[in-house]
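The values are calculated or read from the model by the stated rules, or taken from the named source; none is laboratory data. Being a predicted model, the structure only gives us computed values, none of them experimental. As a convention, Cβ positions derive from the backbone with ideal geometry for all residues, glycine included, and neighbour counts pool all protein chains shown. Only protein heavy atoms, including side chains, enter the accessible area calculation; ligands, DNA and RNA are left aside. Shrake-Rupley method; radii C 1.70, N 1.55, O 1.52, S 1.80 Å.
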Amino acid sequence: MSELDLILFGPPGAGKGTQADRLRGDFQLPFISTGDMLRTNVKEGTDLGRKAQEYMDAGELVPDDVIVAMVADRLQQGDAQDGFILDGFPRTIEQAEALEKQLSELGRRVTAALLIDVPDEEVIRRLAGRRVCVKSGHNYHVEFDPPKHEGVCDQDGSRLIQRDDDQPEVIRNRLRVYHEKTAPLIEHYDEQGLMRRIDGTRPPAEVHDHIRAVIATMRLEENV
Ligand code: AP5
């Protein structure tokens, strides 16, 4: 059976992290989020975290060489040998090419790129109302997905906070960067016949069902 090497991407606030929480238990594949890896490094005060923080706070992309090295290292770990779901990487054509090179050296290739598609106005509404668990990063929304008790995570009782990069001017910059640097990946993967579009404006449970159905179909096709 071939590995399922999947990419999950989309604009900021499309619901990638929300779906990650739901998808984690569905498939025997590691879920690798570059945003989460960077935030862990910032929290732990590593060299990488110090380098990344100013870019993240401004809503800019962390330089390709830093990210490519971080992901290359992660993909060499044992749990990624049978496939993976990458969230937030690649985000530039250069990153996509670096990933393709690394995989081809292993005789592998990207199986599919899943785009969670959401328009800009919805991104702004979602990020402005997002609240995140300080301990494990579970996502909530004050209006669309509120916790049972205001300011408290349903899953582990930790405090909910607003992310530093969810300030209005940083959100606008993240969207600008997405359209300029990441959206060209849509054509890149379209040309390779690897693009799968998911309507991210549907409620989280429907988006989850759609992604699961797409992955399950691919898994069947890989087994044929
Ligand atoms: P990263 O953490 O990857 O941020 P992002 O891509 O901007 O995505 P978000 O985490 O903001 O949103 P999401 O899609 O996960 O949405 P969520 O599920 O939370 O990256 C952060 C930074 O790290 C970047 O800006 C960059 O600096 C750096 N970085 C990371 N990777 C990099 C790379 N490869 N190269 C260079 N730099 C990199 O949902 C948002 C809100 O909407 C929540 O409140 C949620 O409850 C709600 N919601 C979710 N789904 C729905 C729905 N279906 N209906 C209604 N509400 C919903």
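Of the accessible area of the stretch 183-224, with the probe set at 1.4 angstrom, what percent is carbon plus sulfur?
52
What do you get for the angle between helix 204-223 and the principal long axis of the chain? Use alpha-carbon atoms, 0 to 90 degrees, nearest ten.
10
Considering only protein heavy atoms and a probe of 1.4 Å, how much of the accessible area of the stretch 55-164 is carbon and sulfur, as a whole percent?
48
Report, to two decimal places, the Cα Rg of the chain normalised by 2.2 N^0.38 Å (N = number of residues).
0.99
Over the chain, with the other protein chains present, what is the accessible area per residue in square angstrom, probe 1.4 angstrom?
For the chain, the solvent-accessible area averages 51 Å² per residue.
Under 28 Å between alpha carbons, and skipping anything fewer than 8 positions from LYS43 in its own chain: which lysines qualify?
List returned: LYS16, LYS51, LYS135, LYS148, LYS181.
Just order 104-112, 64-72 by mean Cβ neighbour count inside 10 Å, highest at the front, would you?
With the highest mean Cβ count within 10 Å placed first, the list reads 64-72, 104-112.
Trypsin sites (Lys or Arg not before Pro) within the stretch 146-207: which are DSSP loop residues with at most 14 other Cβ atoms inside 10 Å?
Passing both the DSSP loop test and the Cβ count: LYS148.
What is the set of long-range amide H partners of HIS138 at a cut-off below 5 Å, with H atoms built 1.01 Å from backbone N?
Amide H neighbours of HIS138: CYS133.
Less than 18 Å apart at the alpha-carbon level, and either on another chain or at least 8 residues along: which aspartates and glutamates does that give for LYS101?
GLU3, ASP5, ASP64, ASP65, ASP73, ASP82, GLU191
Can you list residues from other chains, or at least 5 along the same chain, whose modelled amide H is less than 5 Å from the amide H of LEU8?
Those lying under 5 Å, H to H, from LEU8 are LEU86, ASP87, GLY88, PHE89, LEU114.
Taking a ≥ b ≥ c as the square roots of the Cα gyration tensor eigenvalues, with a/c under 1.5 meaning rounded and otherwise prolate when a/b beats b/c, else oblate, which class fits the stretch 133-224?
In terms of gyration-tensor shape, oblate.
Hey, how many Å between the Cα centroid of the stretch 1-50 and the Cα centroid of the stretch 145-168?
The stretch 1-50 and the stretch 145-168 have Cα centres separated by 19 Å.
Show that you can apply the helix-only estimate: for the chain, add -39,500 (n - 2.57) for every DSSP H stretch of four or more residues, divide by all residues, and state [θ] at 222 nm to the nearest 500.
The per-residue figure over the chain is -14000 deg cm²/dmol.
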